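Everything below concerns the one structure shown next.
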Amino acid sequence: MFDRIQHGGPARLAAIVDFEMGTIGDPLLDLAWVLMSWPNADEDRSVTSYVDYGGMPDRDDLLQHYATASGRAVDEIDYYLVLANFKAPVGRNSKGVSVTGEIDLIVLDGDILCFTEVKTRTSAEFSTPLSAVDLRKQRQIIRTARVYRRIFGLDDIKYRYDVVSVVREKNRPPLIEHFQNFWTESKFRKKYRSDEF
């Protein structure tokens, strides 16, 4: 715990950084992290974890309180719960800082493991959601998927990289498109030339 406490000057606490969420991101993702271990009203709260939840609100009450206090809608919290369930450390950058990766959805399509990036826009007028899945993002997902496969011993399973594009324009139903096998790892492999003289 003490390696996570940073302070500036004598006895002035500047931040407490949790390793798993050591990023700046969507506050609903933080809420999802809390909810992952929060017991439902019908669960035996004495065996859920080492925390005593006696007298604490259940998940629905917690969500309602959060929505009221923050002014944020929590109707899509299930998406954030899926996202919060897989955010893995994938290494360290050149300055020694831990680098994490996330994959929006990991699903099985028959016998194929699909690592799926979900991109949403309120309009496709200037750019489509697909434009956000650039080479850098693809490389990051590949690295994270490798860690995921290694952690769960899935070296022999077939896999692919998909993208789900969502355009949610005002007063229109959302346009959702699924692009299977949007990219492959082969374009990131180093190519070796053999010069023939």
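A few comments on the model shown:
- Single condition residue 140 does not satisfy, out of (1) of a type outside the set (Gly, Ala, Ser); (2) in a strand (DSSP E or B); (3) crowded, with 17+ Cβ neighbours inside 10 Å: (2)
- Any hit, the range 70-86, residues being surrounded by 15 or more Cβ atoms within 10 Å (Cβ to Cβ), out of contact with any His (no Cβ under 7 Å at 6 or more places or on another chain) and modelled with pLDDT of 80 or more: yes
Per-residue answers, yes or no, for (1) outside the structural domain of residue 81 (by TED's automatic domain parsing); (2) at pLDDT 85 or above; (3) touching a helix residue (DSSP H, G or I) at 6+ places or on another chain (Cβ under 9 Å):
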| residue | (1), (2), (3) |
| --- | --- |
| 115 | yes, yes, yes |
| 123 | yes, no, no |
| 149 | yes, yes, no |
| 167 | yes, yes, yes |
| 172 | yes, no, no |
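- Taken over the range 151-165, the residue count meeting the criterion of being in a loop (DSSP other than H, G, I, E, B), modelled with pLDDT of 90 or more and among the hydrophobic types (A, V, I, L, M, F, W, C) is 1.
- Test: residue in the range 110-132 that is in contact with a Phe, Trp or Tyr (Cβ under 8 Å, 6 or more places away or on another chain), of a type outside the set (Phe, Trp, Tyr) and not in a strand (DSSP E or B): yes
- Residues of the range 180-197 that turn out to be at pLDDT 85 or above, surrounded by fewer than 16 Cβ atoms within 10 Å (Cβ to Cβ) and of a type outside the set (Ser, Thr, Tyr), as a count: 3
- Scanning the range 125-147 for residues being modelled with pLDDT under 85 and under 21 Å from residue 102 (Cα atoms) gives a total of 0.
The values are calculated or read from the model by the stated rules, or taken from the named source; none is laboratory data. Everything numeric in this text was worked out from a predicted model, so none of it was measured. We place every Cβ from the backbone using ideal geometry, glycine too, and count neighbours over all the protein chains shown.
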